[in-house]
1. How much accessible area per residue does the stretch 1-113 have, counting only protein heavy atoms and a probe of 1.4 Å, in square angstrom?
2. Please give the solvent-accessible surface of Phe95 in Å², to the nearest 10, using a probe radius of 1.4 Å with every protein chain present.
3. Roughly how many Å is it from the Cα centre of the stretch 26-94 to that of the stretch 1-19, as a whole number?
4. Protein chains only, probe 1.4 Å: how do Lys111, Lys70 rank by accessible area, largest first?
5. Percent of alpha carbon pairs in the stretch 17-69 separated by more than 13 Å?
6. Provide the net charge surrounding Met47, with neighbours chosen by a C-beta distance below 15 Å and charges set as Lys +1, Arg +1, Asp -1, Glu -1.
7. So if each residue of separation counts as 0.36 nm, and I subtract the Cα-Cα distance between Leu36 and Val55, what length gain in nm does that give?
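The values are calculated or read from the model by the stated rules, or taken from the named source; none is laboratory data. Computed from a predicted structure; not experimentally measured. Neighbour counts are summed over all protein chains in view; Cβ atoms, including those assigned to glycine, are modelled from backbone coordinates with ideal geometry. SASA here: full protein model, heavy atoms, side chains in, ligands and nucleic acids out. Shrake-Rupley method; radii C 1.70, N 1.55, O 1.52, S 1.80 Å.
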Amino acid sequence: MALVTALLCLLLDPWHEFKRNNYFNNLWHVTWSLLLMLSGGALAFFMVLTEFVLVSVTSAANVQIEGVVKEAVTILVAIFYFHDEFTWLRGFGLFTILVGVSLFNWYKYQKLQAGHPNEDGMLGSPDANASAKYVILEEIDDLDEGT
């Protein structure tokens, strides 16, 4: 995918306009732009890695709920940091997110207290089951080395 994107970039992008662009007009701007792009790529990589670990430890439903919470945080950052207007529609959406996440957590808590199996069909507390499902990567390396 990266090779195809690079090829299309070389063929289709207007390279003659880079000297007029403020993001690439001197060495400082080029360095700063590249650092911003690399940090964005690293952030995206670690977000995907975190999602993988969450799905392997919990369930896909939890990851969906956490995605909804992320959207709520995005709304709050847009309002407080970027000074976006807080409309009644955004307020209603934020309220709906908070109620939905709260109800989901309450339902999961009630189900856990009643002793019903979770999504994986396991009974009991999540702490007891998490250790059986999750293996720390360092421990795998230790097992490979025979220690």
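1. Ligands and nucleic acids excluded, the figure is 84 Å² per residue.
2. About 130 Å², rounded to the nearest 10.
3. Cα centroid of the stretch 26-94 versus Cα centroid of the stretch 1-19: 27 Å apart.
4. Lys70, Lys111
5. That tail contains 68 percent of the Cα-Cα pairs.
6. Here the charged neighbours net out to -2.
7. Values: separation 19, 0.36 × 19 = 6.84 nm, distance 2.85 nm.
That works out to 4.0 nm of additional length.
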